[in-house]
Amino acid sequence: MLPVRLFVTLLGLLLGAVGGRALAAAQPTELGWVNTLSLMLAGMLTALLIAPRIESAAQGLLARFGRWYVGLSPRTVAAATFGLIVALLLSVLISTLFRSLPLYNWVWNVVITLSLGAFFVSFAVRNAEALGLLAFAPVRRRPGSKLLDSNVIIDGRILELARTGFLDGDIVVPAFILRELQILSDSYDAQKRTRGKRGLSVLEELREVRPLRVEDWDDPALPTTDDKLIRLARETGARIITNDGNLGKIARLHGVQILSIHEAAVALKPQVQAGDHLTVTISKGGQQKEQGVGYLEDGTMVVVEEGLKFRGKPTRVLVVNNVQTNVGRMIFAKLDREENQP
């Protein structure tokens, strides 16, 4: 950050100049200006040495301030403003009543104002749900509401989930999500255009299955759709249905509950235990000699010992182990000798 380094450098020059002038005033000599220049140079070099640390600290503070600002609720700001107004009015009233006292002066007035401000602002922020109503219209809070993200709409599995009746409460589509899908469907990029049209088609079918509510809310001050979605969820108390892992992590940091269809699908996959029998088609060789690799319908990898000789054929195998890795589930199996003959 160039502004921070320039500021620190100028500050070092200024401190060196002040030190040189003070030294020249205390001990007047003909070399006073030389000492001043030397101290200014020393101050500038010192500033250049410590500037990277100050720059790093400033970047950290700005990052924390940015995260705090993004998560700041308009209702909280309204409540804090109301508390400050009450504190200022009471401060004026108290100063008017006590100004005739002999020991009362402006210092007491400042102390009383700061004390009242700290008390009423903190109290108002803690009770923002009630006091915020004085400044803004009531937030549309409906228990059990679900906000749909664009990626989960385009994914399409939300439609089947709604048909099974597992989604309760209101299904809400924010207006800015609709605009995002419209922009995608009008894009010159064929892939984006296909994704946008698919999302709009899914919403049309979903509306026939379950009532949809379009939330006509937007905040132009927020730069991204994810920020708007998190803010709306905080304001309405709704949950976000999404398959975006990064959005899920940020939303959870803000105290917003996330429902991931992808995570639910992974959790509901049938668990294969040791001793179970499977029929799998060996499609390629494994890392070890004579080892074969096949895949189940859900994409789970099955590693079969001595299974390479059955490549391209449906093969009956016996599960030996089931391992969960960071990239998915892997099943280790061996040939069922009773069913398979080479």
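The values are calculated or read from the model by the stated rules, or taken from the named source; none is laboratory data. Just so we're clear, the structure is a prediction, and the values are computed from it rather than from any experiment. Counting neighbours? That spans all protein chains shown, and the Cβs are built from the backbone with ideal geometry, glycine included. Keep in mind that these areas ignore ligands, DNA and RNA; they rest on the heavy atoms of the full protein, side chains included. Shrake-Rupley method; radii C 1.70, N 1.55, O 1.52, S 1.80 Å.
Put F98, F176 in order of accessible area, highest first, and with a 1.4 Å probe you get F98, F176. For V304, what is the net charge nearby, where nearby means another residue's Cβ is under 12 Å from its Cβ and Lys, Arg count +1, Asp, Glu -1? The answer is +2. Between L114 and R157, the modelled labels are 5.6 nm apart [label points 7 Å from Cα along Cα→Cβ]. Packing, taken as the mean count of other beta carbons within 10 Å per residue, orders the peptides 177-187, 102-112 from highest to lowest as 177-187, 102-112. With the simple spin-label model, which puts each label point 7 Å out from Cα in the Cβ direction, the K313 to V77 separation comes to 7.1 nm.
Residues of the range 167-184 with backbone nitrogen within less than 16 Å of a virtual label 7 Å along the Cα-to-Cβ line of R207, please, listed as ranges. Of the residues in the range 167-184, 171-183 have backbone N under 16 Å from the label point off R207. Rounded to the nearest whole Hz, the Karplus-based 3J(HN,Hα) values (6.51 cos²θ - 1.76 cosθ + 1.60, θ = phi - 60°) of the range 252-262 follow the sequence 5, 5, 8, x, 9, 7, 10, 10, 10, 5, 5, with x at glycine and proline. In this structure, the residue pairs whose Cα-Cα separation is over 19 Å, taken from K313/K334; K192/K249; K146/K228, are K192/K249.
Net length available on complete extension from L90 to S283 is 61.5 nm, with 0.36 nm assigned per residue and the Cα-Cα distance removed.
Each of the peptides 315-324, 236-245 was scored by the mean count of other Cβ atoms within 10 Å over its residues; in descending order, highest first, they stand as 236-245, 315-324. Stretching the chain fully between R64 and A190 yields a gain of 41.4 nm (0.36 nm per residue, less the alpha carbon separation).
If we count every other residue with Cβ under 13 angstrom of A190's Cβ, Lys/Arg +1 and Asp/Glu -1, where does the sum land? Local net charge: +3. Residues whose amide H lies under 5 Å from that of T281, counting only those 5 or more places away or on a different chain, are Y295, T315; hydrogens are built 1.01 Å from N in the peptide plane.
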